[in-house]
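Notes follow the structure.
The values are calculated or read from the model by the stated rules, or taken from the named source; none is laboratory data. Remember, it's a predicted structure, so these values are computed and weren't measured experimentally. Please note: Cβ atoms are built from the backbone with ideal geometry, for glycine as well, and neighbour counts cover all protein chains shown. These accessible areas exclude ligands, DNA and RNA; they are computed on the full protein's heavy atoms, side chains included. Shrake-Rupley method; radii C 1.70, N 1.55, O 1.52, S 1.80 Å.
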Amino acid sequence: MEDIFIIVLKCLLLGVIWAALLIPVIFNRGGWLKYLITVAVIAVLCFILRGYAGIINKMTVIALITLVISWIISMAVFDKESKVKSKVIAFSCVMSALSYLISLWVGFDIL
């Protein structure tokens, strides 16, 4: 019983993280209802796909590292464009996580 409770809490935490990254990418304007629905959908997906927890965790870490790096770089590049900045940062985080996921499936030798 305790294990399921901890798994559900971890899935909700991942839902909160990914909802914060996906809301600016998917919707023009966010709201509390869109946020709650997105958190719930992502949490359910994480619970269903808990066999892929390692991949999901690595994707989340990559997205969060990209968030920090792109936020720091955007301070210098996007000085006055605040509306564009949040969408660009969120989009770059989602794309970096998806590129990691695709790189797991596509492999080729360079040399």
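Got at least one residue in the range 54-73 being small (Gly, Ala, Ser), under 21 Å from Leu104 (Cβ atoms), more than 11 Å from the chain's Cα centre (by Cα) and open to solvent by 40 Å² or more (accessible area, probe 1.4 Å)? Scanning the range 54-73, I find at least one residue that is small (Gly, Ala, Ser), under 21 Å from Leu104 (Cβ atoms), more than 11 Å from the chain's Cα centre (by Cα) and open to solvent by 40 Å² or more (accessible area, probe 1.4 Å), so the answer is yes.
For every residue, the table says whether it meets (1) in contact (Cβ under 8 Å) with a residue 24 or more places away in the chain; (2) assigned to a helix (DSSP H, G or I); (3) surrounded by fewer than 18 Cβ atoms within 10 Å (Cβ to Cβ).
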site: Ala40; (1), (2), (3): yes, yes, yes
site: Cys46; (1), (2), (3): yes, yes, no
site: Met75; (1), (2), (3): no, yes, yes
site: Cys93; (1), (2), (3): yes, yes, no
site: Leu101; (1), (2), (3): yes, yes, yes
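The listed residues are Ile4, Ile23, Ile17, and the only one of them that is at pLDDT below 90 and within 23 Å of Ile89 (Cβ to Cβ) turns out to be Ile23. Considering only the range 1-38, state which residues are small (Gly, Ala, Ser) and either loosely packed, with under 13 Cβ neighbours inside 10 Å or part of a helix (DSSP H, G or I) (or both). Hits for the range 1-38 are Gly15, Ala19, Ala20, Gly31.
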